[in-house]
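The values are calculated or read from the model by the stated rules, or taken from the named source; none is laboratory data. This structure is a prediction, so every number in the text was calculated from the model and none was measured. With ideal geometry, Cβ positions are generated from the backbone for all residues, glycine too; neighbour counts draw on all protein chains shown.
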Amino acid sequence: METKGKIVVTGGAGYIGSHAVVELFAAGYEPIIIDNFVNSQQSALEGIQAILHATVKCHPIDCTDIEALRGVFREEGSIVGVIHFAAYKAVGESVKEPLKYYHNNVGSLVALLQVMTEFNVNKLVFSSSCTVYGIPDQLPVTEATPVKKANSPYGNTKQICEDILSDLARSGGSTIYSIALRYFNPIGAHPSAKIGELPLGVPNNLVPFITQTAMGIREKLTVFGTDYDTPDGSNIRDYIHVVDLAKAHVVAVDRLVQNKGEQIEFFNIGTGRGNSVLEVIHTFEKVTGQKLNYVIGSRRPGDVPQIYADVTKSTQELGFKTELGLEEGLKSAWDWEVNLKNSNRQTV
Ligand code: WQD
């Protein structure tokens, strides 16, 4: 079947990557996965196949291995563009192991850009994060909000990668056009419950910790502080359904294919709404009927008290708007957790 062309998806077996692969295929592209499976599982490929009724090609290589990358680009021939998800993303781990994060997150982007240049592949969507904003002075945050010194090596790697893309565009010597998508907080799973978040070990993030607590895998959830300057005292975040986030990547690829933008562009990808931790807990209980065992604990060091997106730019210039809300995100996260249990695939 004639497609719109090959899109290489690094980290394509990961949480957001796997959902992007499904949406790319549905949009008529031919996704080609690159993943070294250090933070993902082969079962994600089976889930993608079950949804698409088609096998998506996967190259099990490490993106910091430039020779292996060259081999993939050589084998695949004409490639329309790349979405670069592959990165480590645990904030706490990055504080303990900064070199691991700089080598992988920055090294993989540099290697990828070098190979893209060699093979004349000129369109890149980069997975960035609202963490580049640090603790914002104003809310909601716009793309013009000053990028502050990140409060973790993980966040710093995202800032460095954005700077690399900006410097490359400014050099005047590169034909690569990039779009950096600054994610807020991805949650939920594909409505089929065949792909979703697979945190290895104890989850760092709120929603998988909630679903594992409700499933009885974790004894209780600790709310990291209710003494913040927010309506109910708990932290506020912009929780975006992972399917909406995946669709934003297709919109970004389309924009690059149609040569519509500048050489480097940044977009906030969020809902534009903020919800507190306690609101998330109560909404989860409402939509799933599960009573959650939680306690109030002390603040988590490094936590941003409040952040949520101003989505004007992505709405007006990217033509992107989220369609799903917090309730769908939490219900799909629970359905996924139930499916993991039923298929004995929990990674605890
Ligand atoms: C959300 C809220 C916690 C766990 C990080 C990265 C970001 C992105 C998403 C990769 C906070 C509270 C959490 C718990 C809690 N990572 N919480 N109890 O920290 O906003 O963002 O993950 O792309 O770049 O910075 O997400 O889910 O860890 O926390 O009370 O057991 O839930 O305090 O307010 P965060 P999170």
*Within the bounds of segment 142-151, is there any residue that is of a type outside the set (Ser, Thr, Tyr) and buried (at least 21 other Cβ atoms within 10 Å of the Cβ)?*
yes
*Name every residue in segment 1-15 that is crowded, with 24+ Cβ neighbours inside 10 Å and of a type in the set (Val, Ile, Thr), in order of residue number.*
7, 8, 9, 10
*State whether one or more residues within segment 154-164 are part of a loop (DSSP other than H, G, I, E, B) and without any contact (Cβ under 8 Å) to a residue 40 or more places away in the chain.*
no
*Please specify each residue of segment 306-316 satisfying the condition of being surrounded by fewer than 15 Cβ atoms within 10 Å (Cβ to Cβ) and not hydroxyl-bearing (Ser, Thr, Tyr).*
316
*With segment 17-127 as the region, which helices (runs of 4 or more DSSP H) entirely inside it contain at least 1 residues that are within 16 Å of the ligand (Cβ to nearest atom)?*
91-96, 98-101, 107-118
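Mind telling me which of the residues 226, 222 ends up being surrounded by fewer than 19 Cβ atoms within 10 Å (Cβ to Cβ), among the β-branched types (Val, Ile, Thr) and out of contact with any Phe, Trp or Tyr (no Cβ under 9 Å at 6 or more places or on another chain)?
Working: 222 fails: out of contact with any Phe, Trp or Tyr (no Cβ under 9 Å at 6 or more places or on another chain).
Exactly one residue qualifies, and that residue is 226.
Residues that are hydroxyl-bearing (Ser, Thr, Tyr) and assigned to a helix (DSSP H, G or I): does segment 303-314 have at least one? I'd like the intermediate steps shown before the answer.
In the first step, residues of segment 303-314 are kept if they are hydroxyl-bearing (Ser, Thr, Tyr); the result is 308, 312, 314.
From the residues that got through so far, the ones that are assigned to a helix (DSSP H, G or I) too are 312, 314.
There is at least one residue in segment 303-314 that is hydroxyl-bearing (Ser, Thr, Tyr) and assigned to a helix (DSSP H, G or I).
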*Just name the residue that is nearest to residue 13 (Cα to Cα) out of those in segment 237-291 that are within 12 Å of the ligand (Cβ to nearest atom), surrounded by fewer than 22 Cβ atoms within 10 Å (Cβ to Cβ) and aliphatic (A, V, I, L, M).*
281
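So which of 205, 185 is within 14 Å of the ligand (Cβ to nearest atom), free of Cβ contacts under 8 Å to residues at least 24 places away in the same chain and not charged (D, E, K, R)? Step through it out loud before you land on a result.
Details: 185 fails: free of Cβ contacts under 8 Å to residues at least 24 places away in the same chain.
From the options 205, 185, the qualifying one is 205.
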*Does segment 293-302 include one or more residues that are under 14 Å from residue 184 (Cβ atoms) and outside any strand (DSSP E or B)?*
no
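Determine which member of the set 257, 253, 277 is of a type in the set (A, V, I, L, M), farther than 27 Å from residue 164 by Cα and either within 19 Å of the chain's Cα centre (by Cα) or at pLDDT 95 or above (or both). Steps first, please.
On the way: 257 fails: farther than 27 Å from residue 164 by Cα; 253 fails: farther than 27 Å from residue 164 by Cα.
The unique qualifying residue is 277.
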*What number of residues in segment 144-153 are within 16 Å of the ligand (Cβ to nearest atom) and either among the hydrophobic types (A, V, I, L, M, F, W, C) or not in a loop (DSSP other than H, G, I, E, B) (or both)?*
3
*What number of residues within segment 208-219 satisfy the criterion of being more than 8 Å from the ligand (Cβ to nearest atom) and either among the aromatic types (Phe, Trp, Tyr) or surrounded by fewer than 17 Cβ atoms within 10 Å (Cβ to Cβ) (or both)?*
3
